[in-house]
1. For the peptides 331-343, 459-471, what is the packing order when you average, over each peptide's residues, the other Cβ atoms within 10 Å and list the highest mean first?
2. Roughly speaking, what is the centre-to-centre gap between the range 142-176 and the range 420-455 when only Cα atoms are used, to the nearest Å?
3. For the ranges 60-69, 175-184, what's the packing order if you count other beta-carbon atoms within 10 Å of each residue, average per peptide, and put the highest first?
4. DSSP loop (so not H, G, I, E, B), at most 15 other Cβ within 10 Å: list which trypsin sites (Lys or Arg not before Pro) in the range 80-177 pass both filters.
5. Pull out the extension gain between R368 and N145, defined as 0.36 nm times the separation in residues minus the alpha carbon to alpha carbon distance; nm, one decimal.
6. Structure shown: which of K225/K277; K348/K447; K102/K130; K48/K87; K93/K202 lie over 23 Å apart, alpha-carbon to alpha-carbon?
7. Under the rule of -39500 (n - 2.57) per DSSP H run of 4 or more residues, summed and divided by the residues of the chain, what mean residue ellipticity at 222 nm is obtained, to the nearest 500 deg cm²/dmol?
8. Just to be sure I understand the model, the point goes 7 Å from the Cα along the line to the Cβ. What's the resulting I468 to S165 distance in nm?
Amino acid sequence: MKTSLNFKKMAQRVQTLVIAVGLACIASVSTNAAYAAPKKEVPAGPFKIDPAVQAKSMTDIPAVIALAKVDCVPANAYLLGATEFDKAGTKVKGQLYEVACKTGPGFIITSVSPTEVGQAFTCSLAAKLKATQPDAIQCVLPENNPHYAWLNTVVQPYIPGCQVSDARVIGSTSTEPLIDRYEVGCGASAGGILDYPQLGAKAPIEYKSCLTVEGTPSACKFTTKEQLLVTLKPLAAQASATCQVNNVRFIGVSKENDSFFYEFGCANQPGFVVLTKTDNSYQRMVSCAAAAGLGGCTFTDSGAASKDASSAFSSQLAKGGFPCTVEEYNVIGTQEQTKRDYIEFKCKEQPWGLIGFVPQAGSTSSLRLNDCFIDQTSRKSCTYVTEPMLRAQLDKLIKIAQPGKGCDVSQVRYIGESDGIEGALLAELACSNKRGYIAIVSADRNKITESVPCTIAKSHKDPIQCEIPGNGTYAAAE
């Protein structure tokens, strides 16, 4: 069960989600010293491959790749020429190779000696560096042009059918997990964000919708909000076939990190929240009226959502045998395994409150409700009917059941539902004059059907005994 949240007091509550706002440790590649590229002038005009140089490069490159510990089966390789770079204030010379891999990004690497290599950097990073360092070297092999060609295969599990039209490196981490973050554009359809392990790293590949990084430094540039709407409309249709979707936003991920929450706005009706698995497959819908625990809806007026939900709840409760014209309700939590919300209701027909499990749309679980007397025996979640209000009713009833005993109820132990009478309440009552009773309260809460003094229960060794300290120690005989 999640933390109690009252829809009427949504602004006062703390959102109970871990919000995905992008990668906190993303750093600008242009300022990352680890990716300072060597410089090598490449002749202008179309690059021409010398077959002899290519053959020798393909022979030499497996040892260089192994030394760099880069996971790459070379599809092509080419010695670009000699280079030098600074290492601890010393000029180091080496041979610069470009490598195209059968899978994964192409890269450039410097071979210093048979036992030493410089750090490899991808063709995509080289393209990013070119924007701020005009003399930075670029990849020239056909397999590495455009620099993002390798992404076409990588994104298919996440964006089926995507033909990558553009891509950029947003940034890179400098601590574990070592990843480069890419934005991928898919032409006329929505692209997304891909976290891909850096060369030689073992980090997992992770995909994120552009919605999850809105308003962050990783925000998408190649995908529009309209494209995202088209992609996510099928989710909205599963929740409500009549919704004319006009807006969508990512709310966050579940505490268990296994579900996503999206809010949809509808042009023709109140919106709602959709819960999906991490692969964006539909799980269930949450009405805006019940979405306080998710921070509430922004596309749907809270008052309208609450009114609409109150009417729907009134109908649902009546069908379940609980007449209740709902005035207010409090969504306390959710039981995910049964797809039921734990809700408290306020209505004139139920003077002692109504609280319990209410099935969500599509749930096959049953409605299970009690009044606040029974709620006091376990969860103690009622707020519309308070414990002092319940105690005042019991005080009135014990005075009728035990006239002349001067019992002013000072404390109550709510034991549970009676085994013998359906709906009846079993409770221990402590009086301020030290009299005490084990009482059975009728299902309608209008009378005490049986009240056994603590002293009698003790002498008879009844299964239910008084437990409130000092209860039943009144000096005079009963």
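1. So the order, starting with the most tightly packed, is 331-343, 459-471.
2. 71
3. Per-residue Cβ counts within 10 Å, averaged per peptide and sorted highest first, yield 175-184, 60-69.
4. Filter output for the range 80-177: K102.
5. 74.0 nm
6. The pairs that break the limit, which is 23 Å between Cα atoms, are K102/K130; K48/K87; K93/K202.
7. After summing the helix terms and dividing by the residues of the chain, the value is -5500 deg cm²/dmol.
8. Each label point lies 7 Å from its Cα, and together they span 7.3 nm.
The values are calculated or read from the model by the stated rules, or taken from the named source; none is laboratory data. Since this is a predicted model, take the numbers as computed values, not measurements. Cβ: placed from backbone, ideal geometry, glycine included. Neighbour counts: every protein chain shown. Quick note on the areas: whole protein, heavy atoms, side chains included, nothing else; ligands and nucleic acids left out. Shrake-Rupley method; radii C 1.70, N 1.55, O 1.52, S 1.80 Å.
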